[in-house]
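Structure first, commentary second.
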Amino acid sequence: MKKFFWIAKMKIMRIFLYAGVFVKWIIIASITGVLGGFIGVAFNKSISYVTGLHQQYPALLFLMPVLGLLIVLMYDKAKLSGDGGTNLILHSIRHLKGVPIIIAPMIFISTVLTHLVGGSAGREGAALQLGGSIGAQVGRIFRLSQKDMNVAVMCGMGALFSALFGTPLTAAFFAMEVIAVGVLYYSAFVPCVVSSLVAYAISYLFKGFTLPYNPPKVPHLSLISMLQTGGLAILCAFISILFCLIMKYTKEGLTKLFKNPYIRMLCGGVIFIALALIFGDEYTGLGAKTIVTAVNEGHAKYYDFILKMIFTAVTMAIGFKGGEIVPTLFIGSTFGCAIGAHLGLDPTFGAAIGIVAVFCGVVNCPIASILLSIELFGGEGTAFYVVAVCISYMLSGYYSIYSSQRFAYSKLRAEYVNMKAN
């Protein structure tokens, strides 16, 4: 009888332990989501405002070298390396290190300045860095252990991503998947989902994001349409590798050519201005209008994707801040739109497949990629998107736009590899 009561007592204590941890993370994740939602709204509206200013006054492009030097000076004074952004967040989580509080204001200001002068960058890099910093500060307030602190950082990453893009499920799983490919941090499942949903609700309330995409024209499910989708996904995998390599070698080349970061920013800014004058301003800034045109209308030029790669690589290599995911959506949508039509797919559907497949190829997050397709385009073509993601994930190899990303497990077999990206 004593043994029975002892077992019953232990089970009750375990239930209370689980309940306590659950309540703790609901509170922490909700607070993180609220902060992430409001900061995400402020950040998104700031980016929209300066983007409008740049469109109204295109001559702001010529301030690129000047404001670029200001960004380099800011990071220099803060003792952050030029790569002290998303890669630093990923490295901090994986190696159980703290996230510097200075990252949040630095990335906010520098990303706004980047978009003011038309730098070809996205927002998610800032989202991950802002969110990671916010999550870390909330974790410090609650005096979390280092391992729990990493979950709080993931909460913050998911919250800001959700607030900016309006894709809460994608944001939650992206934060869990991106750290180490092949390992999904299920301990962060509840916290990341809660923080992402809370941030999404606040951002939605204050109109902090827009989802301007219409559902693409999904083909009838058949062997032919699957083969067409698979063919496009194969090409998208190689486009993903190409983008990662262009980003990597542009940065290495410019760093070797201009060892001084101030000289690199000054000369790189002049190079970017020359590119913009030659090819036009379509490839500067976010490029959101081009993405919408590809997805909603099925129109894209066959060379759009390669020029966007070049503009983005130069922007990020010389020291401007932002992110690579929105440029990835630009690359994927325009490539898929232009090439999908030649494979017999509707251009709008080709653009959607391109977005999902190239996104997966450069971030190596297959579950987040599938959820992205559903949240952006609806569930009608899920079978096609899953096939595209599977193909792109395997064929894109061990490349990533995040040099600090690690592959814990092989893409080809059930084998632990612990390999660094690229």
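Structure summary
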quantity: Cβ crowding within 10 Å averaged over residues, with 115-123, 149-157 ranked highest first; calculated: 149-157, 115-123
quantity: Separation between Cα centres of the stretch 371-385 and the stretch 263-341, rounded to whole Å; calculated: 24
quantity: Computed over the chain: relative contact order in percent, which uses C-alpha pairs under 8 Å that are six or more apart; calculated: 20
quantity: Charge context of Q55, other residues only, Cβ under 11 angstrom, K/R +1, D/E -1; calculated: 0
quantity: Relative contact order (%) - the stretch 276-335, alpha-carbon pairs under 8 angstrom, separation at least six; calculated: 45
quantity: Global form of the stretch 215-300, assessed from the alpha-carbon gyration tensor, a/c cut-off 1.5; calculated: oblate
quantity: Rounded to 10°, Cα long-axis angle of helix 347-363 versus longest principal axis of the chain; calculated: 60
quantity: Ranked packing of 31-43, 237-249, most packed first, by mean Cβ within 10 Å; calculated: 31-43, 237-249
quantity: Residues with amide H under 5 Å from that of V181, placed H, sequence gap 5 or more; calculated: R406, F407, A408
quantity: Carbon/sulfur fraction of accessible area - the stretch 304-422, other protein chains in place, 1.4 Å, %; calculated: 63
quantity: Extreme residue, positive dipole direction of the chain, given options I15, Y393, G52 (C-beta unit charges); calculated: I15
quantity: For H220, solvent-accessible area (1.4 Å; no DNA, RNA or ligand), Å²; calculated: 150
quantity: Cα→Cβ-extended label distance, 7 Å offset, between M13 and L73, nm; calculated: 6.1
quantity: Rounded if a/c under 1.5, otherwise prolate or oblate - the chain, Cα gyration tensor axes; calculated: oblate
quantity: Degrees separating the helix 146-165 axis from the principal Cα axis of the chain, which is the longest one; calculated: 50
quantity: Global form of the stretch 140-293, assessed from the alpha-carbon gyration tensor, a/c cut-off 1.5; calculated: oblate
quantity: Dipole moment magnitude, nearest 20 debye, the stretch 228-386 about Cα centre, only Lys, Arg, Asp, Glu C-beta charged; calculated: 740
quantity: Under 5 Å, built H, 5+ apart or other chain: amide partners of V417; calculated: Y409, S410
quantity: Burial order of peptide ranges 15-22, 320-327 (average beta-carbon count within 10 Å, highest first); calculated: 320-327, 15-22
quantity: Charge tally in the Cβ shell below 15 Å around M309, where Lys, Arg are +1 and Asp, Glu are -1, M309 excluded; calculated: +1
quantity: Residue-count net charge about L164 - beta-carbon cut-off 9 Å; Lys, Arg +1, Asp, Glu -1; calculated: 0
quantity: Helix axis angle, 325-342 relative to the chain longest principal axis, alpha carbon, degrees; calculated: 60
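The values are calculated or read from the model by the stated rules, or taken from the named source; none is laboratory data. Just so we're clear, the structure is a prediction, and the values are computed from it rather than from any experiment. Every residue, glycine among them, receives a Cβ derived from its backbone with ideal geometry; neighbour counts consider all protein chains shown. Accessible surface areas use protein heavy atoms only, side chains included; no ligands, DNA or RNA. Shrake-Rupley method; radii C 1.70, N 1.55, O 1.52, S 1.80 Å.
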